[in-house]
Amino acid sequence: MIELAIEANDKGDFFPVWGTCLGFEVMMISIAKNTTILTTFNSTNHSMKLKFFEKATKSDIFKDMPERMKYFLVHEKAMFFNHKLGVSNETFNTN
C-alpha cells in the first residue's frame, strides 16, 4: 500500500496513508528500507502541546480542521505520549 501511495503522489494524485504509533514506525522502516532507523526516546507517560509545521497546516489532511481545534492542540497539553522508540527529525529528513 505504501508503494502505491508513493506512486500515486509522484503522479500528483493525493493518496495519504496514515500510521499511528507502531504503524508509523513500520511505515518509516518500510520506506527507508532500513530496520535500524528507530531511536530510543525517553517519552513515556507525558502530555504536551502539538507543534504544527507551516506546511502541515496547509496540507489536505489538516487544512479543513477548525481553527478552534488547531488552537486547542497548540495551546493545551492535549497530546499524550507513551513511546520508547521513534524516528528522530534528523533521521526522518535524511531518509
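What does the net charge come to around Asn45 if you take all other residues with beta carbon closer than 14 Å to its beta carbon, with K and R at +1 and D and E at -1? Local charge sum for Asn45: +2.
Phi angles across segment 60-74 convert, under the Karplus curve 6.51 cos²θ - 1.76 cosθ + 1.60 with θ = phi - 60°, into 3J(HN,Hα) values of 4, 6, 9, 4, 9, 5, x, 4, 5, 5, 4, 4, 4, 5, 7 Hz, Gly and Pro given as x. Taking amide H as placed 1.01 Å from N in the peptide plane, His83 has its amide H under 5 Å from the amide H of Ser43, Thr44, Asn45, each at least 5 places away in sequence or on another chain. In terms of its Cα atoms, the chain spans 36, 33, 20 Å along the principal axes, sorted from long to short.
Set the Förster radius R0 to 22 Å, insert the Cβ-Cβ distance between Phe41 and His75 as r into 1/(1 + (r/R0)^6), and round the FRET efficiency to 0.05. Walk me through the numbers before you get to the answer.
On the way: r = 24 Å, r/R0 = 1.08.
Calculated transfer efficiency: 0.40.
Note on Lys58: lysines with a C-alpha under 29 Å away, same-chain residues under 8 apart excluded, are Lys11, Lys33, Lys49, Lys70, Lys77.
Taking the Cα of Thr91, stepping 7 Å toward and past its beta carbon, and measuring to each backbone N in segment 1-43: which are under 11 Å? Within reach of a label on Thr91, which here means backbone N under 11 Å from a point 7 Å along Cα→Cβ, segment 1-43 contributes 25-26, 28-29, 34-41. Full extension of the segment from Phe15 to Asp60, taken as 0.36 nm per residue of separation minus the current Cα-Cα distance, would add 15.2 nm.
Bear in mind that the values in this text are calculations on the coordinates, not laboratory data. These numbers come from a predicted model, not from an experiment. Here the Cβ is made from the backbone with ideal geometry for all residues, glycine too, and neighbour counts use every protein chain on show.
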